[in-house]
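Chemist: Just passing along the structure, written as structure tokens.
The values are calculated or read from the model by the stated rules, or taken from the named source; none is laboratory data. From a predicted model like this one, the values you see are computed outputs, not experimental measurements. Please note that ligands, DNA and RNA were not included when accessible areas were found on the heavy atoms of the full protein model with its side chains. Shrake-Rupley method; radii C 1.70, N 1.55, O 1.52, S 1.80 Å.
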Amino acid sequence: MSDFKDLIKVSCAICIKNNAVFLAKRSKGKHLAGFWEFPGGKVELGEDPKDALIREIKEELETDIEVLRYFDTSIYNYGNKSIELISFICVIDSKSIRLNDHDKVGWFEKTELYNIKVAPADIPFLKKINFN
């Protein structure tokens, strides 16, 4: 197990609409290529996690996001790196997305989540989401 003192801080957006969650599929050539994740990205040194999330969504999906509130944090060791994934409940403008860093995006109902590969650090959030 690696030392968690060098955690990479990452913010992600949990968007829920009509009992479905919004996920993005990691592109080929990336770490965890082909896995689905809550979109977001790395928090820069001194940057507020909410501001990082808004910036990352703009860079990766070319759309706007409204951060409503903090949801939860997940710490996960991938072996070669450890991340602290900070999640926020958000509202995303999913109609005007342009993919710059992912292969696909989509809305998934709870039953559909069993049929896709979700990034391990994101799974604890899925277990805590109230789909009703």
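Chemist: For Ser27, which sequence-distant residues (separation of 5 or more, or a different chain) have an amide H within less than 5 Å of its own amide H, given hydrogens modelled in the peptide plane?
Modeler: Gly34, Asp103
Chemist: Computing the accessible area with a 1.4 Å probe over protein heavy atoms, can you report the carbon and sulfur percentage for the chain?
Modeler: 48
Chemist: Ignoring ligands, DNA and RNA, what accessible area per residue does the chain give at 1.4 Å, in Å²?
Modeler: Here the residues of the chain average 57 Å² of exposed surface.
Chemist: Please give the Cα centre distance for the range 13-34 versus the range 80-132, rounded to the nearest Å.
Modeler: Taking the Cα centre of the range 80-132 as reference, the centre of the range 13-34 is 4 Å away.
Chemist: Something else: Can you compute the radius of gyration and Dmax for the chain, using only the Cα atoms, both in Å?
Modeler: 13.9, 41
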